[in-house]
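The values are calculated or read from the model by the stated rules, or taken from the named source; none is laboratory data. Worth saying up front: this structure is predicted, and the values here are computed from it rather than measured. Ideal geometry is used to build each Cβ from the backbone, glycine not excepted, and the neighbour counts take in all protein chains shown.
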Amino acid sequence: MARYPSPSILCESMAKTAISALVQPESSLPERHAPAHVGQPLRDFTADKRLLVLSAMAIVVGTGGAAAAWALLHLIYIVTNLAYYGRLSGTNVDPGGSPFGLAAALVPVAGCFLIGMMARYGSERIRGHGIPEAIEAILIGRSQIDAKVAVLKPLSSAISIGTGGPFGAEGPIIMTGGALGSLFAQMFNLSPAERKTLLVAGAAAGMSATFGTPIAAILLAVELLLFEWKPRSFVPVAVASLVAAIWRPWLLGPGPLFPMAPSPTVGLIGLLLGAVLGIVGGLASGTLTQMVYKSEDWFQRLPIHWMWWPMLGGIVIGVGGLIEPHALGVGYDNIGALLQGKVSDPMALRLMLVKSVIWAVALGSGTSGGVLAPLLIMGGVVGRLLGGVFPVGDAPFWALLGMAAIMGGTMRAPLTGLVFALELTHDFNALVPLTIASITAYATTVLLLKRSILTEKIARRGYHISREYTVDPFELMRVQDIMAKPVDTLPAQMPVADVVKFFTDPNGPRRHKSYPVVDASGQIVGMVSRSDVVCWMVNGHPAPGTLGEQLGEREIVVGYEDELVGRIADRMAETQVGRIPILRRSDSMLVGLVARRDVLRVRAAVNSEETEREALIHIGAFGRTSANSTRHS
């Protein structure tokens, strides 16, 4: 015969289930901590003395990033000499001058086969161009990069580029520098935010040392990697980038990487044509992004393991190298030739077509390599070809603008693109045209494409990244602007039996979910909620004594009317409290109450500012003005 629980046991079980379904009441929280630093004065920035510690550590990270750049570049040179010339040398050579003839087409195939093996049996994280992997480590991986990646990424990139891969070294160097910064940070007792700072510092140092562009490296960190602009992270990243720039003359040589003659003055017509170039560059950026991911989609439909995809990409690279040998490798010599006007139109067109195809196919296949140098080449060609029909300026000038436009549009980093072009060439005469081209290309891609070449890869892994930086509205509004007032309270002298009746009387008025409890002098002594009443009923109704006695010495989570809403929101999250009584700081008297819905109204107010449109000045029929507003949804 089945046995059923007694009514009292069943009632207790149902009550406990109801309690667990509610937000934890103030009386049942496992721990309660008083709000820390409640009286701390408000400041413009949240940085503290830890900034000095991180900046000191950034000096070490910057040195490591510079060393990584030097090592990877020379490793590429060694692999190129071995693969295309059969000799052991660390000098920079052109893979297009190989004496192997048609057999040179097999070199990329062999190199990409090795990369597929390394990715399959080493780490899949080495696939791709490096920056999306760094972003993913920052946002999802608590800024922790495996030591295996720090070793395999530069090695696989050196093999890829050294065997003819049409990639830049900067993406792998950024990833390697970031890995070194992350590994260094993991040796110390740091928070994930501090580890992120050192990871990005290493990435910026790698780029700064490679190109001699410390300011552009800092901007790259801000626009692509940090996801914030705080002194806590900005200053250490700047320190690392500058340290790497200081090391660069000893490691890789002084001066700009691609010096060019000062640009001519182009006047208003030239500035307008710069905007036209920016629009074309934005369209080209979208095309290049689509080519990469269409290629990736094609590879994913193949009925073979992804380990073999790079080798197929290597076949395309080898054939492309036979058509246009200058399309192989990093191609810094191509960038220099474009900026010096030494590339003819037919050669430029052939270089762009071959480079873009083999680059897109190789990236889609999962080969390891960077995107920055190829973008500069293809952007330079776009500018060079358009410059041939523009009535002002010369070929190097328009090639430079094309580079900034393609980089700013494709990577969605317009400030990085224009400053990068300036630091590469030291041609500051082109500042205004570069700004116009870069910003116009950026605006074009933002309006036409949902995601960039960097964030699309992350989105395909199931994550969404917002690239817009805004001030947190919770850090702008004070608690007194959102709190409910006046506040309904219950006296501490109220018997518990009356409290139970107060909450459970079906004929009474509708009650709030919780109430502050105050003593005879008006000082708050605690919070009582419906779930507290359920607990008392389960444990024995009615509980003896007064409400104040029942609450005992329970610690109270409170806020102050002059605090920022963000502090209250943080306190709610930390203590799992849904309502916080608000006190006046001068005498600790209760002046208001903040619930979760009050905090959410801040977000609603921000949405209203973004979506509600109004004309504040209305011109009447007879030329009179009025301040009456007209709202548009």
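For this structure, a couple of remarks:
- Against the criterion of being assigned by TED's automatic domain parsing to the domain that holds LEU490 and of a type in the set (Val, Ile, Thr), VAL602 does not qualify.
- Filtered by the rule that a residue be hydroxyl-bearing (Ser, Thr, Tyr), over 30 Å from PRO325 (Cβ atoms) and buried (at least 24 other Cβ atoms within 10 Å of the Cβ), the stretch 121-163 gives a lone residue, SER143.
- If the condition is being small (Gly, Ala, Ser) and closer than 15 Å to GLY329 by Cα, then the stretch 99-109 contributes ALA104, ALA105.
- Tallying residues that are assigned to a helix (DSSP H, G or I) and crowded, with 19+ Cβ neighbours inside 10 Å within the stretch 428-455 yields 14.
- Within the stretch 380-427, tally of residues that are β-branched (Val, Ile, Thr) and either more than 31 Å from the chain's Cα centre (by Cα) or over 14 Å from PHE211 (Cβ atoms) (or both): 6
- Test: residue in the stretch 454-473 that is under 30 Å from LEU226 (Cα atoms), among the small types (Gly, Ala, Ser) and touching a Lys or Arg at 6+ places or on another chain (Cβ under 9 Å): yes
- Residue identified as farther than 30 Å from TRP250 by Cα and either of a type in the set (Ser, Thr, Tyr) or surrounded by fewer than 15 Cβ atoms within 10 Å (Cβ to Cβ) (or both) among GLY90, GLY101, GLY86: GLY101
- Among the criteria (1) free of Cβ contacts under 8 Å to residues at least 12 places away in the same chain; (2) buried (at least 18 other Cβ atoms within 10 Å of the Cβ), the one GLU468 does not fulfil is (2).
- Wholly within the stretch 90-186, helices (runs of 4 or more DSSP H) carrying at least 2 residues that are farther than 23 Å from MET57 by Cα and either outside the structural domain of ALA240 (by TED's automatic domain parsing) or of a type in the set (Phe, Trp, Tyr) (or both): 106-121
- The set of residues in the stretch 464-494 being touching a Ser or Thr at 6+ places or on another chain (Cβ under 9 Å), in the same structural domain as ARG530 (by TED's automatic domain parsing) and assigned to a loop (DSSP other than H, G, I, E, B) consists of ALA492, GLN493, MET494.
- The stretch 506-533, residues that are more than 46 Å from the chain's Cα centre (by Cα), buried (at least 20 other Cβ atoms within 10 Å of the Cβ) and either farther than 21 Å from ALA484 by Cα or among the aromatic types (Phe, Trp, Tyr) (or both): VAL533
- Count of residues meeting criterion [closer than 14 Å to PHE503 by Cα and either surrounded by fewer than 17 Cβ atoms within 10 Å (Cβ to Cβ) or of a type in the set (Lys, Arg) (or both)] in the stretch 536-564: 2
- Residues that are among the acidic types (Asp, Glu) and modelled with pLDDT of 85 or more number at least 2 in the following helices (runs of 4 or more DSSP H) confined to the stretch 529-586: 565-575.
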